[in-house]
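Below: the structure, in structure tokens.
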Amino acid sequence: MKADFDFFNDWARDELNIELDAYKEKQLQRRITTVMKSSGVDDLKEYAKLIKKDTDIRKKFLDYITINVTEFYRNKDLFEEFEEILLKTLVPKFKDINIWSAACSNGSEPYSLAMILNKNNIRLKNKIMATDLDDGILAKARIGAYRDHELKNIDKKDLDRFFNFNNGAYHINNEIKDMVSFNKHDLIVDDYKKGFHVIVCRNVTIYFKNEAKDEIYRKMHDALVPGGVFFIGATESIYNPTEFGFKKLSTFIYEKI
Ligand SMILES: C[S@@+](CC[C@H](N)C(=O)[O-])C[C@H]1O[C@@H](n2cnc3c(N)ncnc32)[C@H](O)[C@@H]1O
């Protein structure tokens, strides 16, 4: 079985340009097996052939292994903490700020950031750079239409102010949409841009092996300006922040030393 997964990972690297070796092995293998069986196949070589020739099967595979679960202001208390740090620490230091929302899924995260900036009149240097590995979810993010359960952390006032309701969905308005640009980026494979005052990278490194996660932290550190802030997910606390050149501002928010 291990040899089969080794073959499949090599194949995915060559054909799909994704680095499955970086993901936690057992968890990933379970997911691949489940999605493969749901496509009526029992063998990884057969499955690879099918993914190659059938775009629907390829999409289903990528959708399943990428895990796009997200919502606006995920862990609301942490976003409140982030907003406070933004106002107290970053805004007084930098005239206008550059933000990267990495592994942004359907846009709930970068649009949450855009609403915080809008409400506090904080100037952006460039549009918020929102990136994800998954083309399908990026297309959804660009449309920006959401259902009730994704908006449970947004109060009525902001819902009225930043969304238009039509055809059964809440559409993010153009003012907020214009503050964000969406691009494909793979945290494992692709180069990182530099010069960010804020990087938000939440609920994705939990899927990676320690070596891959550590490499991401090093690259994120490199991509930040000194004094820039790194905001991570609620299960992803960095145990040894100084090793990566970070100072802990709170359990899930770090500053580049
Ligand atoms: C669970 S969602 C997290 C979304 C959002 N950051 C949040 O916290 O709500 C994980 C996202 O990471 C993306 N992802 C997985 N592997 C990735 C990689 N190697 N590079 C970039 N994004 C990746 C998935 O496509 C998915 O949209």
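Within 18 Å of the chain's Cα centre (by Cα), surrounded by 17 or more Cβ atoms within 10 Å (Cβ to Cβ), in the same structural domain as residue 92 (by TED's automatic domain parsing) and aromatic (Phe, Trp, Tyr): is that true of residue 182 in this structure?
Numbers: within 18 Å of the chain's Cα centre (by Cα): yes; surrounded by 17 or more Cβ atoms within 10 Å (Cβ to Cβ): yes; in the same structural domain as residue 92 (by TED's automatic domain parsing): yes; aromatic (Phe, Trp, Tyr): yes.
In short, yes.
Scanning segment 100-118 for residues that are of a type outside the set (S, T, N, Q) and outside any helix (DSSP H, G or I), we see that the one that is nearest to the ligand (Cβ to nearest atom) is 103. Looking across segment 210-225, the residues that are within 12 Å of the ligand (Cβ to nearest atom) and within 14 Å of residue 21 (Cα to Cα) come down to 212, 213, 215. Taking the numbered list (1) touching a strand residue (DSSP E or B) at 6+ places or on another chain (Cβ under 6 Å); (2) closer than 25 Å to residue 17 by Cα in turn, residue 133 passes all entries but (1).
Evaluate the following for residue 131: is it surrounded by 14 or more Cβ atoms within 10 Å (Cβ to Cβ), assigned by TED's automatic domain parsing to the domain that holds residue 237 and within 15 Å of the ligand (Cβ to nearest atom)?
Numbers: surrounded by 14 or more Cβ atoms within 10 Å (Cβ to Cβ): yes; assigned by TED's automatic domain parsing to the domain that holds residue 237: yes; within 15 Å of the ligand (Cβ to nearest atom): yes.
Taking the combined requirement at face value, the residue satisfies it.
For segment 83-104, filtered to residues that are in contact with a helix residue (DSSP H, G or I) (Cβ under 8 Å, 6 or more places away or on another chain) and not aliphatic (A, V, I, L, M), the residue that is farthest from residue 152 (Cα to Cα) is 100. Which residues, taken from segment 120-148, are more than 30 Å from residue 56 (Cα to Cα) and in contact (Cβ under 8 Å) with a residue 12 or more places away in the chain? Within segment 120-148, 120, 122, 123, 124, 125, 126, 127, 128 qualify. In summary, helices (runs of 4 or more DSSP H) completely within segment 155-243 and bearing 2 or more residues that are touching a helix residue (DSSP H, G or I) at 6+ places or on another chain (Cβ under 9 Å) and farther than 28 Å from residue 139 by Cβ occur at 210-223.
Looking at this structure, is residue 63 within 12 Å of the ligand (Cβ to nearest atom), charged (D, E, K, R) and part of a helix (DSSP H, G or I)? Walk me through it before giving the result.
Details: within 12 Å of the ligand (Cβ to nearest atom): yes; charged (D, E, K, R): yes; part of a helix (DSSP H, G or I): yes.
Yes: the conditions hold for residue 63.
The values are calculated or read from the model by the stated rules, or taken from the named source; none is laboratory data. Quick caveat, the model's predicted, so the values are computed rather than measured. Counting neighbours? That spans all protein chains shown, and the Cβs are built from the backbone with ideal geometry, glycine included.
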